[in-house]
Amino acid sequence: MAGSIITIIGGKGGVGKSQVAANLAFAFAAETRQKVMLLDFDQQASGDQNFITGIKPKKTVRELAEFNGSFDPRSILPFVSAHPSGVQYIGMPDDPTASASVNSEGLGAFLKAAPNLCSTTIIDAGSELNPLALKALEYSTAIFLVVTPDILALNQTRRLYTELVTMLFPKDMILIIGNQIQKGHPVTPEVMGKTIGKPVFSTIPKDDQTCVSALNQKKPIMVINKNSAFARGVTETVRKLIQKNVLKTLARLNKPKDVQKKSSDSGSEASKNDGWTTLKSRIHRKLYEEMDLKKNDKDDPKAQVILREQTKKVVVDILNKEDTKGILNSREDMNQIVKEILDEALGLGPLEDLLADKECSEIMVIGPDKIYYEHGGKIKRSTISFTNDRQVLNVIERIVAPIGRRIDEKTPYVDARLHDGSRVHAIIPPCALDGCTITIRKFPENRLTYKDLVKFDSMTENMADFLRIAVEAHKNIIVSGGTGSGKTTLINVLASFIPANERVITCEDSAELDLPQDHVVRLETRPPSLEGDGEIDIRCLVKQTLRMRPDRIVVGECRGGETLDMLQAMGTGHEGSMTTVHSNNPRECIGRIETLVQYAGAGLEPKAIREMISNAVHLIIQQSRLDDGSRRVTYITELGGMQGDVVILQDIFVYQQRGFDKTGKIQGEFQATGFIPKFIEILEKKGYNVPRGLFNNSQNTPPAKASAPGGEGKEQGGQKGPPQQGKRPQQGQRPAGMPPKKKKA
């Protein structure tokens, strides 16, 4: 197994990080009984490790950086100075000029090979994120932040921790080491952890007498006094790392690459943008130091307004202290940068304007620089961008936290929703190679009705009337379509046809359905916990609904074994249920459902599955997104049983595309095939009177008026003549052909 690299840094000088680093190396050698490498990368304190360890280096890291050969156990021998305890040491030049000239890029090859040369490599990286320290961090397994219990050290350590997180170093990778801890001191490890924003991993007691004695003797504390309080604290830290397999776990985390290059690139880009991005980054860091923005009560609008005003005042005060000459040239520039900072600190950053745009239906983010949006069915690129990768990750965390979801290196993807119901999917590195990715499907401000779909030319009034009759007649419906075709919108409209006196239970991954009825039970899945247990999937929810006395079951989407449970529910007393499936046409929808049923692992024969589908499902509605961005119902198809091994499908309504007009819009028309669904005939035999005018192609003639048996002017069920003129039932009325409600005595 490859070894680990631990980089020790401090927020400021004087926190004892060099002494901690040296003794940590000797403690690792004693506990593991393996060779440990100690490297001095502290350019400010040139040669301090020579005094702490008492080792006179043969060669320095400067010479190591200039070596052009390959690194192996033999080629590294001329550079290391070995200690009898098993520590191999390479120091920093004593001359500050020579220290400042160390080539950080030249050390990259050695750091890449270091895990294969020693079981553990300890690097003393100083207290600044200079190029040498960044190069060490890039190859590190863990980062130790050493801090002492005083206000200045805590403040600078918090600053350093924020910078590391901003650079996308995983939070789990950064471990806080409390040094010089005293009993009874007001600044306890708990206070330190709360101030920095991360709990203290381990503590080392204050032991000034032993530390001074060790420095005077030019020997490590682990060598001269293993039983001292300081030595015991260091040993306990090492044992905690080993016993809990911390380093092995951290080795799996994804670390940022080419940190130094990215910093310089962003700096050069910022200079091209007149320092706007750089200024925003500085303000964000100072704002984080002065205010606790995590206490953001999103459920209290008044508290949010107060917090925004307080934050705005702090931002303006910070800007007034900054040198903004050449960056902010007018009051408009000042207002714009304050708005952008507030949006990123308290809201969803540059996405706020897109979310407020009612014409924008979808937002797609790829890293900090690429933001796309859908407008009028077409995808366009936005001119706005995030400040850096960390701001994108902050937005994701701000979205998922209120609904109890999480996203990190172990689970780098999440489904969530905004407070208005808009669906959000996010995925972060290591799965997303170009940076954090966000996809937001915006929720319409007002609930869409069938009238809106008719207005948008997604269907005709005859089709809407037919679907209303099918829903109220308790027919099982599957909405089929591709991604972004409007399946959820259509199933919302269909579910709105369900009578208000029926109990509806919905099951979704992230709650999107917005039904107008009062008696609706909404269920949502839950991801696994950090320990990997406690997951609740759609299939589990569907099983629970069967014990909840549902009249209708509406599943947001079937994509696995829950399809079998849904079909069984449809065929065993829960008629009128609905769900959606991803497929391109009704025939493919049958094959897709058949495949999904097999995910349940029941071992059913394909023919048995098809028979189950033909018996349980009555209608398939195909929703499609066409080339011009419009969304239309392209098929309404009835399932008519089996013929041999094939499910019989009969189209009732279809959309015929004719071509394109001059503006690129698709031209076409909805056609009724003339086929009368079997369930309509069954309804008529039961006494319901359904107007046959629904199934002709007269788009301008309103559907015929129909009534239940015994009504005046009823149309004969078998008559094929022209339909009588009549008005279409208004919303809230019973559909044509359905029996009137019984009056209470």
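The values are calculated or read from the model by the stated rules, or taken from the named source; none is laboratory data. Computed from a predicted structure; not experimentally measured. All Cβ positions, even for glycine, are placed from backbone atoms using ideal geometry, and neighbour counts span all protein chains on display. For the accessible areas, the whole protein counts, side chains as well, though only heavy atoms, and no ligand, DNA or RNA atoms are used. Shrake-Rupley method; radii C 1.70, N 1.55, O 1.52, S 1.80 Å.
The table below gives the values:
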| item | result |
| --- | --- |
| Selection status of residue 542, closer than 21 Å to residue 474 by Cα, more than 28 Å from the chain's Cα centre (by Cα), assigned to a helix (DSSP H, G or I) and among the β-branched types (Val, Ile, Thr) | no |
| Scope the stretch 176-206; condition closer than 30 Å to residue 55 by Cα and either within 39 Å of the chain's Cα centre (by Cα) or at pLDDT below 90 (or both); matching residues | 176, 177, 178, 179, 181, 201, 202, 203, 204 |
| Residue check, residue 506 of a type in the set (S, T, N, Q), open to solvent by less than 20 Å² (accessible area, probe 1.4 Å), assigned to a helix (DSSP H, G or I) and under 23 Å from residue 441 (Cβ atoms) | no |
| Number of positions in the stretch 580-629 that are part of a loop (DSSP other than H, G, I, E, B) and among the polar types (S, T, N, Q) | 3 |
| Test result for residue 228, open to solvent by less than 50 Å² (accessible area, probe 1.4 Å), in contact with an Asp or Glu (Cβ under 6 Å, 6 or more places away or on another chain) and among the hydroxyl-bearing types (Ser, Thr, Tyr) | yes |
| Positions within the stretch 107-158 being out of contact with any Leu (no Cβ under 8 Å at 6 or more places or on another chain) and more than 26 Å from residue 29 (Cα to Cα), in sequence order | 128, 130, 131, 149, 150, 151, 152, 153, 154, 155, 156, 158 |
| Qualifying residue in the stretch 6-13 (condition: within 28 Å of residue 147 (Cα to Cα), over 41 Å from the mean Cα position of the chain (by Cα) and either free of Cβ contacts under 8 Å to residues at least 40 places away in the same chain or assigned to a strand (DSSP E or B) (or both)) | no |
| Test for residue 176: is it touching a Phe, Trp or Tyr at 6+ places or on another chain (Cβ under 7 Å) and on the phi < 0 side of the Ramachandran plot | yes |
| Enumerated strands (runs of 3 or more DSSP E) restricted to the stretch 334-416, each holding at least 1 residues that are without any contact (Cβ under 8 Å) to a residue 40 or more places away in the chain and open to solvent by 20 Å² or more (accessible area, probe 1.4 Å) | 370-375, 378-381 |
| Residue ID - most open to solvent (accessible area, probe 1.4 Å), chosen from residues in the stretch 526-557 that are in contact with a helix residue (DSSP H, G or I) (Cβ under 8 Å, 6 or more places away or on another chain) and touching a residue at least 60 places away in the same chain (Cβ under 8 Å) | 539 |
| Residues of the stretch 80-136 that turn out to be aromatic (Phe, Trp, Tyr) and over 24 Å from residue 241 (Cβ atoms), as a count | 0 |
| Inter-residue pairs, beta-carbon under 6 Å, first in contact (Cβ under 8 Å) with a residue 40 or more places away in the chain and part of a loop (DSSP other than H, G, I, E, B) and in the stretch 54-76, second open to solvent by less than 30 Å² (accessible area, probe 1.4 Å) and hydrophobic (A, V, I, L, M, F, W, C), 6+ apart | 71/110; 71/113 |
| Verdict on residue 645 being free of Cβ contacts under 8 Å to residues at least 60 places away in the same chain, over 16 Å from residue 508 (Cβ atoms), touching a helix residue (DSSP H, G or I) at 6+ places or on another chain (Cβ under 7 Å) and among the charged types (D, E, K, R) | yes |
| For residue 429: the one exception among (1) over 20 Å from residue 250 (Cα atoms); (2) assigned to a loop (DSSP other than H, G, I, E, B); (3) touching a residue at least 40 places away in the same chain (Cβ under 8 Å) | (1) |
| Residues that are open to solvent by 30 Å² or more (accessible area, probe 1.4 Å) and among the acidic types (Asp, Glu), drawn from the stretch 634-680 | 645, 651, 661, 669 |
| Tally of residues being acidic (Asp, Glu) and out of contact with any helix residue (DSSP H, G or I) (no Cβ under 7 Å at 6 or more places or on another chain) across the stretch 164-206 | 1 |
| Selected residue (only one of 485, 480 is open to solvent by less than 10 Å² (accessible area, probe 1.4 Å) and part of a loop (DSSP other than H, G, I, E, B)) | 485 |
| Leading residue by the ranking (most open to solvent (accessible area, probe 1.4 Å)) among those in the stretch 181-199 that are in contact with a Lys or Arg (Cβ under 7 Å, 6 or more places away or on another chain) and outside any loop (DSSP other than H, G, I, E, B) | 195 |
| The stretch 448-474, subset closer than 20 Å to residue 374 by Cβ and charged (D, E, K, R), residue most open to solvent (accessible area, probe 1.4 Å) | 455 |
| Residue 178, sole failed condition from (1) crowded, with 21+ Cβ neighbours inside 10 Å; (2) touching a residue at least 40 places away in the same chain (Cβ under 8 Å) | (2) |
| The stretch 432-447, residues that are open to solvent by less than 40 Å² (accessible area, probe 1.4 Å) and either part of a loop (DSSP other than H, G, I, E, B) or at pLDDT below 90 (or both) | 432, 435, 436, 442 |
| Residue match in the stretch 565-578 (condition: within 25 Å of residue 611 (Cβ to Cβ), part of a strand (DSSP E or B) and open to solvent by less than 50 Å² (accessible area, probe 1.4 Å)) | yes |
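Conditions tested, residue by residue: (1) under 41 Å from the mean Cα position of the chain (by Cα); (2) surrounded by fewer than 24 Cβ atoms within 10 Å (Cβ to Cβ).
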{"position": "25", "(1), (2)": "yes, no"}
{"position": "30", "(1), (2)": "no, yes"}
{"position": "34", "(1), (2)": "no, yes"}
{"position": "38", "(1), (2)": "yes, no"}
{"position": "43", "(1), (2)": "yes, yes"}
{"position": "48", "(1), (2)": "no, yes"}
